[in-house]
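This report concerns only the one structure given below.
Bear in mind these aren't lab numbers, they're just calculated from the coordinates by the rules spelled out. The structure presented is a predicted model; accordingly, all values stated were derived computationally and were not measured. Don't worry about glycine lacking a Cβ; one is built from the backbone with ideal geometry, like all the others, and counts go over all protein chains shown.
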């Protein structure tokens, strides 16, 4: 689900003629009523969604805004500059780093099936990336020859 939603988000950010920071502001304004509605609904259910008397929690909440906004601004900016296949490829980097950290830092057991799956995914990504790069290069050459 996350892969499809981020693929759609990346496509929308690529085709929308709005810079990264104003675009994130518009997204926040559009999603604010939904988030506030959820908080009010959960409050009516008796779930204490926000504890406003705990200063460390408020500081942490403010910090999460910055920690969330900065990568989204960078992603939005990159989405306008990079081809979509490159954005898709980049979505595999963080899970791969998590996988490698789990194995080498935290000592997660690595059986042959997990290793084979990891290697097969990256082989497919290398083949796909090479093919996309080759097609883009050939298209540029054809366009240059057509203009000459």
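Which of the residues spanning segment 15-28 are closer than 19 Å to residue 71 by Cβ and part of a helix (DSSP H, G or I)?
20, 21, 22, 23, 24, 25, 26, 27, 28 - these are the residues of segment 15-28 that are closer than 19 Å to residue 71 by Cβ and part of a helix (DSSP H, G or I).
Take residue 88 and decide whether it is assigned to a helix (DSSP H, G or I), within 23 Å of residue 15 (Cβ to Cβ) and under 24 Å from the mean Cα position of the chain (by Cα). Against the criterion (assigned to a helix (DSSP H, G or I), within 23 Å of residue 15 (Cβ to Cβ) and under 24 Å from the mean Cα position of the chain (by Cα)), residue 88 qualifies. Would you call residue 93 under 30 Å from residue 11 (Cβ atoms) and either free of Cβ contacts under 8 Å to residues at least 24 places away in the same chain or touching a strand residue (DSSP E or B) at 6+ places or on another chain (Cβ under 9 Å) (or both)? Considered against the rule, which asks whether it is under 30 Å from residue 11 (Cβ atoms) and either free of Cβ contacts under 8 Å to residues at least 24 places away in the same chain or touching a strand residue (DSSP E or B) at 6+ places or on another chain (Cβ under 9 Å) (or both), residue 93 comes out as yes.
Which members of segment 70-84 meet the condition of being touching a residue at least 24 places away in the same chain (Cβ under 8 Å), exposed (fewer than 15 other Cβ atoms within 10 Å of the Cβ) and assigned to a helix (DSSP H, G or I)? If you could, list the steps in order and put the result at the bottom.
Here is the first cut: in segment 70-84, the residues touching a residue at least 24 places away in the same chain (Cβ under 8 Å) are 72-77, 79-80, 83-84.
Those left that are additionally exposed (fewer than 15 other Cβ atoms within 10 Å of the Cβ): 74, 83-84.
Scanning segment 70-84 gives 74, 84.
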